[in-house]
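The values are calculated or read from the model by the stated rules, or taken from the named source; none is laboratory data. Bear in mind that the values here come from a model prediction, so they are computed numbers and not experimental data. Positions of Cβ are backbone-derived with ideal geometry, glycine not excepted, and every protein chain shown enters the neighbour counts. Note: areas computed on protein heavy atoms with side chains; ligands, DNA, RNA excluded. Shrake-Rupley method; radii C 1.70, N 1.55, O 1.52, S 1.80 Å.
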Amino acid sequence: MEETLCDFDENVCHPTHYTDGFECKDMECITIARHLSFNEGNAFKYVWRAGKKEDNQVQDIEKAMWYIKDLVESDARKGASKVAKCLFDMIIPEESSRYEILKMIVNKEFDQAYDALQDWHDEVKEGSAE
């Protein structure tokens with residue numbers, strides 16, 4: 001049985017929580033994440049989609065933090081490839097915490113990314129408590 005990735009429902013092939021968010025023609029989260037290590041790609045994915053699904057935004061931030069912490073603690077810092085950096089540079093820069101954290105992950109600035117995620121996490125949690 002031959003199927004292509006596009007044979008599935010649009011929510012499987014191109015879910016909006018992975019396609020929305022940054023101005024760049026045809027850029028999806030996976031376009032960059034597939035060029036990162038497993039932990040980097042997962043952290044990148046959770047930052048990209050945080051607050052865009054029905055899921056809890058705090059949980060997505062916490063998952064990104066977990067992957068970065070695991071990356072740092074396991075010393076599996078192979079790093080982003082040049083391809084991921086080039087693709088990320090195609091995104092129109094914007095002034096947002098999300099964009100800055102994604103940039104830190106791609107540039108292997110994991111300690112800074114974790115600290116920024118912690119700040120974002122605290123900000124979102126405080127906002128949801130009101």
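So here's what we get for this one:
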quantity	calculated
Failed item in (1) assigned to a loop (DSSP other than H, G, I, E, B); (2) open to solvent by 90 Å² or more (accessible area, probe 1.4 Å), with residue 123 passing the rest	(1)
Matching option when the condition is of a type outside the set (Ser, Thr, Tyr) and modelled with pLDDT under 90, among 22, 44	22
Count of region 31-61 residues which are of a type in the set (S, T, N, Q) and under 25 Å from residue 83 (Cβ atoms)	4
Those residues of region 64-96 which are within 18 Å of residue 111 (Cβ to Cβ), modelled with pLDDT of 85 or more and surrounded by 14 or more Cβ atoms within 10 Å (Cβ to Cβ), in sequence order	64, 65, 66, 67, 68, 69, 70, 71, 72
Boolean, residue 54 is within 19 Å of residue 121 (Cα to Cα), modelled with pLDDT under 90 and exposed (fewer than 14 other Cβ atoms within 10 Å of the Cβ)	yes
